[in-house]
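Participant: Okay, handing you the structure first.
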Amino acid sequence: MGKIILSGHIIVPVTDVAAVKAALIEHTRLTLAKTGCLVFRVKQDASNPQIFSVYEKFTTQTDFDNHQKRVHNSEWGKVAKNVERHYTVTST
């Protein structure tokens, strides 16, 4: 199996946008420090501040799974609990 890619976007409730943006700084730092994380990008849409594009690339399925487990129990997981997720996960 090849590299694992998650791509898509999230829709953040208007009341949570500021908290999500603030939490993304640490979430990004922690994710990029994880073994197997090759790319992690989250970018706020210029025309709709509630939409953030997401692109992640991990070396293996195990690395991706470990990231998902960390996220679930993290501060980011708490802050982003109301976020609507629209992702596709593929293997290259």
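The values are calculated or read from the model by the stated rules, or taken from the named source; none is laboratory data. All figures in this text were calculated on a predicted structure; none of them were measured in a lab. Quick reminder, even Gly has a Cβ in these numbers, built from the backbone with ideal geometry, and neighbours come from all protein chains shown.
Participant: Of all residues in segment 9-32, which are surrounded by fewer than 18 Cβ atoms within 10 Å (Cβ to Cβ), among the small types (Gly, Ala, Ser) and under 15 Å from the mean Cα position of the chain (by Cα)?
Facilitator: If the condition is that a residue be surrounded by fewer than 18 Cβ atoms within 10 Å (Cβ to Cβ), among the small types (Gly, Ala, Ser) and under 15 Å from the mean Cα position of the chain (by Cα), then Ala19, Ala22 are the ones that fit.
Participant: Which residue pairs have Cβ atoms closer than 6 Å, lie 6 or more positions apart in sequence or on different chains, and pair a first residue in segment 26-37 that is on the phi > 0 side of the Ramachandran plot with a second residue that is modelled with pLDDT of 95 or more?
Facilitator: Between residues of segment 26-37 that are on the phi > 0 side of the Ramachandran plot and residues that are modelled with pLDDT of 95 or more, the close pairs are Gly36/Phe58; Gly36/Thr59; Gly36/Thr60; Gly36/Asp63.
Participant: If you check Glu56 against the conditions, is it part of a helix (DSSP H, G or I), on the phi < 0 side of the Ramachandran plot, touching a residue at least 24 places away in the same chain (Cβ under 8 Å) and out of contact with any Pro (no Cβ under 6 Å at 6 or more places or on another chain)? Explain how you work it out, then say what you get.
Facilitator: Working: part of a helix (DSSP H, G or I): no; on the phi < 0 side of the Ramachandran plot: yes; touching a residue at least 24 places away in the same chain (Cβ under 8 Å): yes; out of contact with any Pro (no Cβ under 6 Å at 6 or more places or on another chain): yes.
It is false that Glu56 is part of a helix (DSSP H, G or I), on the phi < 0 side of the Ramachandran plot, touching a residue at least 24 places away in the same chain (Cβ under 8 Å) and out of contact with any Pro (no Cβ under 6 Å at 6 or more places or on another chain).
Participant: For Ala46, all conditions in the list (1) part of a loop (DSSP other than H, G, I, E, B); (2) of a type outside the set (Val, Ile, Thr); (3) on the phi > 0 side of the Ramachandran plot hold save one; what is the number of the exception?
Facilitator: (3)
Participant: Suppose we filter Thr35, Thr59, Thr92, Thr88 for residues that are surrounded by 13 or more Cβ atoms within 10 Å (Cβ to Cβ) and of a type in the set (Val, Ile, Thr); which single one remains?
Facilitator: Thr59
Participant: Restricting attention to segment 14-34, does a residue exist that is in a strand (DSSP E or B) and modelled with pLDDT of 95 or more?
Facilitator: no
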